[in-house]
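Q: Input: one structure, supplied below.
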Amino acid sequence: MDKKKLAGIVIERLKKEYPGAECTLDYDEAWKLLVSVRLAAQCTDARVNVVVEDLYAKFPDVNALAAAEPDEIEEIVKPCGLGHSKARDISACMRVLRDKYDGKVPTTFDELLALPGVGRKSANLIMGDVFGKPAIVTDTHCIRLTNRIGLVDGIKDPKKVEMALWKIIPPEEGNDFCHRLVLHGREVCTARTKPYCDRCCLADVCREHTEKK
């Protein structure tokens with residue numbers, strides 16, 4: 001089976017399995033998603049969602065966060081790990097939003113990518129979830145699952161995985177597809193335990209599973 005056909009099957013089955021695909025980071029404004037996705041590096045979304053409540057209680061908007069010293073931010077976000085670098089990036093990013101974009105989040109991929117602490121994964125997440133544009137978010141779940149299933153061949157570099165997926169995933173499906181991979185990766189095709197292939201909706205088309213038979 002060619003990869004484009006396989007991708008179509010995977011997309012449709014995951015749609016049935018996880019109809020409500022959405023980001024698991026809580027946010028009600030674009031700049032808050034920027035903050036949360038930076039904090040989520042090597043940290044669970046659940047913990048980030050708790051920590052940002054305290055952060056926004058003290059710094060409720062872009063201007064307040066931009067005016068804060070990195071040490072003040074670090075004191076609140078340190079439970080997420082890597083507090084020093086995350087606080088530094090958040091501070092720098094909010095100051096750019098304040099000084100260059102009038103407190104708004106820029107709407108193009110390249111502008112997002114130029115913000116402090118924002119990589120391709122974060123920029124794609126903003127493009128897809130906030131602006132409704134085609135996006136492929138290559139987080140650890142996406143990389144692990146697409147390799148196991150056989151949508152990509154032994155590629156671990158996030159950008160290379162993203163580029164490979166753009167060739168086989170319809171643009172309008174990419175964002176929700178990646179959210180569904182996260183859900184499937186947490187519940188079934190796990191990383192820290194043996195995958196639960198016996199209850200996987202993709203078992204019969206998954207390269208890694210079928211090769212083990």
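Derivation of every value follows stated rules applied to the coordinates shown; laboratory data play no part. Since this is a predicted model, take the numbers as computed values, not measurements. No Cβ is skipped: glycine too gets one built from the backbone with ideal geometry, and neighbour counts run over all protein chains shown.
Q: Once the Cα atoms of helix 30-39 and of the chain are each reduced to a long axis, what angle between those two axes, in degrees from 0 to 90 to the nearest 10, is obtained?
A: It is inclined by approximately 70 degrees.
Q: Hey, another quick one. Pairing rule first: another cysteine's C-beta must sit under 4.7 Å. Under that rule, which cysteines of the chain stay single?
A: Cys23, Cys93, Cys142, Cys178, Cys189, Cys197, Cys200, Cys201, Cys206
Q: Just from the alpha-carbon atoms, what are the Rg and Dmax of the range 1-126 in angstroms?
A: Here Rg and the maximum Cα pair distance are 16.6, 55 Å.
Q: As a test of the formula, what do you get for the chain when each DSSP H run with n ≥ 4 contributes -39,500 (n - 2.57) and the sum is divided by the residue count, at 222 nm and rounded to the nearest 500 deg cm²/dmol?
A: Working: 12 runs with 125 residues, N = 213.
Per the formula, -17500 deg cm²/dmol.
Q: While we're looking at this one, here's another question. Using the Cβ atoms and a cut-off under 9 Å, what net charge is assigned to the surroundings of Leu39, where Lys and Arg are +1 and Asp and Glu are -1?
A: Working: positive: Arg38, Arg47, Lys86; negative: none.
In short, +3.
Q: Using only Cα atoms, find the angle between the long axis of helix 120-129 and the longest principal axis of the chain, and express it within 0 to 90 degrees, rounded to the nearest 10.
A: 90 degrees
Q: Where does helix 140-149 land angle-wise versus the long Cα axis of the chain, in degrees 0 to 90, nearest 10?
A: Computed tilt is about 10 degrees.
Q: Could you size up the charge dipole of the chain around its Cα centre, putting +1 on the beta carbon of Lys and Arg and -1 on that of Asp and Glu, and report it in debye to the nearest 20?
A: 1040 debye
Q: Alpha carbon centre of the range 117-144 versus the range 1-74: separation in Å?
A: So the two Cα centres are separated by 10 Å.
Q: Largest first and in whole Å, what are the equivalent-ellipsoid semi-axes of the chain based on the Cα gyration tensor, each being the root of 5 times an eigenvalue?
A: Values: eigenvalues 231, 64, 38 Å².
Equivalent-ellipsoid dimensions as semi-axes: 34, 18, 14 Å.
Q: Sum up the charges of everything whose Cβ sits under 11 Å from the Cβ of Ile168, counting Lys and Arg as +1 and Asp and Glu as -1, but leave Ile168 out.
A: Values: positive: Lys3, Lys4, Lys5, Lys167; negative: Asp2, Glu173.
Taking every Cβ under 11 Å from that of Ile168, the sum is +2.
Q: Moving to a separate point now. What are the principal axis extents of the Cα atoms in the range 119-188, in Å, biggest first?
A: 30, 25, 22
Q: Oh, and also: Set the bar at 30 Å for Cα to Cα. Now go through Lys15/Lys100; Lys3/Lys121; Lys3/Lys212 and name every pair that lies beyond it. Intermediate results must be reported in sequence, preceding the final value.
A: Details: Lys15/Lys100 39 Å; Lys3/Lys121 23 Å; Lys3/Lys212 20 Å.
Too far apart for the 30 Å limit: Lys15/Lys100.
Q: Under 12 Å from the 7 Å Cα→Cβ point of Cys197, by amide nitrogen: which residues of the range 1-36?
A: none
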